[in-house]
Amino acid sequence: MKVLKVVIRIYLNPVELDKTIDFYENIFGEKCLLRFKHAELELAMVGYVLLIAGSDEALRPFRNTQATFLVDSLNDLKDKLVRHGAVIMEGPKKVPTGANMRVKHPDGAIIEYVEQTGWARLEFWKQDIEQRLTNLNYFLDTYNRLTQKGKRRKNK
């Protein structure tokens with residue numbers, strides 16, 4: 001039972017969603033991983049940013065949730081959280097990506113915990129691996145460029 005990823009949340013008006021997705025795709029060099037409607041909200045994820053679009057009224061119950069933690073087991077983590085003083089505010093319950101629960105930590109932070117299942121989980125890990133490979137290739141290219149420059153300086 002562990003936290004696999006931490007995702008920040010950005011709340012916005014629905015008319016801003018496409019423009020905001022485009023912004024983060026360009027900044028991160030990644031495509032939108034996940035996009036779906038749930039009740040009166042539309043959610044999209046680019047990198048580790050979860051965009052939540054809806055009217056002020058639809059967003060009101062969610063705005064105090066500060067982050068989303070993707071976990072491997074809600075049930076195992078639920079018991080551990082309670083033992084350490086957290087309060088389960090809602091859930092676990094089914095959601096389009098698997099299951100979630102909202103938890104108030106002893107420090108007052110409210111966090112959504114999500115255990116992804118099915119295709120959403122596979123697609124997330126596929127993109128995560130692709131991004132790690134991109135980062136590794138960037139590191140290796142940079143390292144090779146820097147070491148080549150260093151060798152040329154030594155030879156002069």
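So which of 90, 42 is over 27 Å from residue 134 (Cα atoms), assigned to a strand (DSSP E or B), in contact with a Pro (Cβ under 8 Å, 6 or more places away or on another chain) and modelled with pLDDT of 90 or more?
42
Here's a check for you: in the stretch 4-26, which residue that is polar (S, T, N, Q) and in a helix (DSSP H, G or I) is farthest from residue 129 (Cα to Cα)?
Restricting to residues being polar (S, T, N, Q) and in a helix (DSSP H, G or I), the top hit is 20.
Give me the pairs, please: first residue somewhere in the stretch 66-84 and within 15 Å of residue 2 (Cβ to Cβ) and basic (Lys, Arg), second residue anywhere and outside any helix (DSSP H, G or I) and open to solvent by 80 Å² or more (accessible area, probe 1.4 Å), beta-carbon distance under 7 Å, and either six or more positions apart or on two chains.
80/1
Which of the residues belonging to the stretch 21-56 are open to solvent by 40 Å² or more (accessible area, probe 1.4 Å) and free of Cβ contacts under 8 Å to residues at least 12 places away in the same chain?
The answer is 22, 23, 26, 27, 37, 56.
If a residue must be open to solvent by less than 10 Å² (accessible area, probe 1.4 Å) and assigned to a loop (DSSP other than H, G, I, E, B), how many such residues does the stretch 57-78 contain?
Within the stretch 57-78, residues that are open to solvent by less than 10 Å² (accessible area, probe 1.4 Å) and assigned to a loop (DSSP other than H, G, I, E, B) number 1.
The values are calculated or read from the model by the stated rules, or taken from the named source; none is laboratory data. Remember, predicted model here, so these are calculated numbers, not experimental data. Cβ sites come from the backbone with ideal geometry, for glycine too, and all protein chains shown count toward neighbours. Side chains included, ligands, DNA and RNA excluded: accessible areas come from the protein's heavy atoms. Shrake-Rupley method; radii C 1.70, N 1.55, O 1.52, S 1.80 Å.
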